[in-house]
Each structure stands twice: as structure tokens, then as C-alpha cells.
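Below: the structure, in C-alpha cells.
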Amino acid sequence: MSRADEPVLRRPLPLTLLLGSCILAIALIAAPEAPLLASLHRTRATGWAALGMLIGALSCPLFGRRIAPWRRAFGVTSAVFATLHVGYVLRTDLVPDLDLLIYEPLLRAGAATYVALVVLGVTSHTVVHRRVRRWKDLHALAYVAGGLACLHVLLSPHAWAPTSLIVAAILVAGVVARALDRRRWS
């Protein structure tokens, strides 16, 4: 069976991108009329979409090996949505000066999360896996990105504080599940 003949459900990356994009499009269409509120809404929507996909990637070990192919799909989609989020942030007046990346902990955590997600997205393809011997160790960076995303949400004045705690709990559960899974299969 060729790749083109495979059912869509066996190819999780296109399906995840499609479903995530549909949810994001609905959120972006529902933006308020006022320009400042609309840009803030778009920034939040893309950030929450990126975080949701990252949570999906980090929670895959909780559901066992059958869902493992979806991990990469969620991670790549998270990097795509994070790129949209950074684009909206830089396009609006939310970050008037890039020097704030040095001084503001919220922006530092967000920038570090974005860099980690881009590195993970670039190195998640099989061509790179053949060239980089320790790509699995590099992809442990996903948990660091999750922790930084939790910090980014926690420091945000617009986020509901318990949300960060929920994300942190999912992150810890994913780390524990991954550790137990490694111990069982090694």
C-alpha cells in the first residue's frame, strides 16, 4: 500500500493540522470588532492553540504506544501555531521593543518556548533522525518546552492562574508515564 493509499486516520500529521486549523479558524473568526481587542484575541487564540497541541504531544505517553504516531503530529502542529502566535505578538503593540525579551520574564519564557518548539519541529522528521544520532535525547526538550509554556501562562496577566496548574499537572503526568514506560521497555 503506497503512502497515498493510506487512510487519513493512519496519517496523523495532516489530520491534526486540519482539525487544529479548523478550531483555530473558529476562534479567530469570533474575534471582537475593536482592532485592539481583536489583535489581543488573535494572539491569545494562537497561543492557546499552540499550548493545546503541546499538551496533546506531552500527554501521548499517558495513552500508551498505540497513540505514539500522534505525538509527532501534535508537536509539529504546536510549533506551527507557536509561529502564528509569535507573528501576532510581533505584529501588534504587545511587544513595543524587542529589548523587553531581556527584561520581561513573561517574554523570556515565551521566546525560550518558541525556540525549543522550532528546534523540535525541525528535528522531528525521519531525514534528520538518520543524521542526528541522539535525537531522542534532544526531544526530551519537549518537557522543558512544556515547563516554559507553563511559566509563560503563569506569568501572563491575561491568563487564568489555575490553567497553568492544570498544564503543569498534565506535564508531570506525562513525564511520569514516560519514565514508567521506558523502565518497562528497557
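The values are calculated or read from the model by the stated rules, or taken from the named source; none is laboratory data. Computed from a predicted model, the values in this text were never measured in an experiment. Positions of Cβ are backbone-derived with ideal geometry, glycine not excepted, and every protein chain shown enters the neighbour counts.
A few comments on the model shown:
- Among (1) in contact with a Gly (Cβ under 6 Å, 6 or more places away or on another chain); (2) over 17 Å from Leu17 (Cβ atoms) - the single one Val76 does not satisfy: (2)
A quick yes/no check of all residues on (1) part of a helix (DSSP H, G or I); (2) out of contact with any His (no Cβ under 8 Å at 6 or more places or on another chain):
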{"residue": "Leu107", "(1), (2)": "yes, yes"}
{"residue": "Gly110", "(1), (2)": "yes, no"}
{"residue": "Val118", "(1), (2)": "yes, yes"}
{"residue": "Val144", "(1), (2)": "yes, yes"}
{"residue": "Val153", "(1), (2)": "yes, yes"}
{"residue": "Ala159", "(1), (2)": "no, yes"}
{"residue": "Ser164", "(1), (2)": "yes, yes"}
{"residue": "Val167", "(1), (2)": "yes, yes"}
{"residue": "Ala177", "(1), (2)": "yes, yes"}
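- Options Leu138, Leu101: the member that is of a type outside the set (S, T, N, Q) and either farther than 20 Å from Trp70 by Cβ or touching a strand residue (DSSP E or B) at 6+ places or on another chain (Cβ under 9 Å) (or both): Leu101
- From the options Thr16, Thr43, Thr77, residue that is under 11 Å from the mean Cα position of the chain (by Cα), modelled with pLDDT of 70 or more and either of a type in the set (Val, Ile, Thr) or surrounded by fewer than 21 Cβ atoms within 10 Å (Cβ to Cβ) (or both): Thr77
- Residue match in the range 91-99 (condition: surrounded by fewer than 23 Cβ atoms within 10 Å (Cβ to Cβ), of a type outside the set (D, E, K, R) and assigned to a helix (DSSP H, G or I)): no
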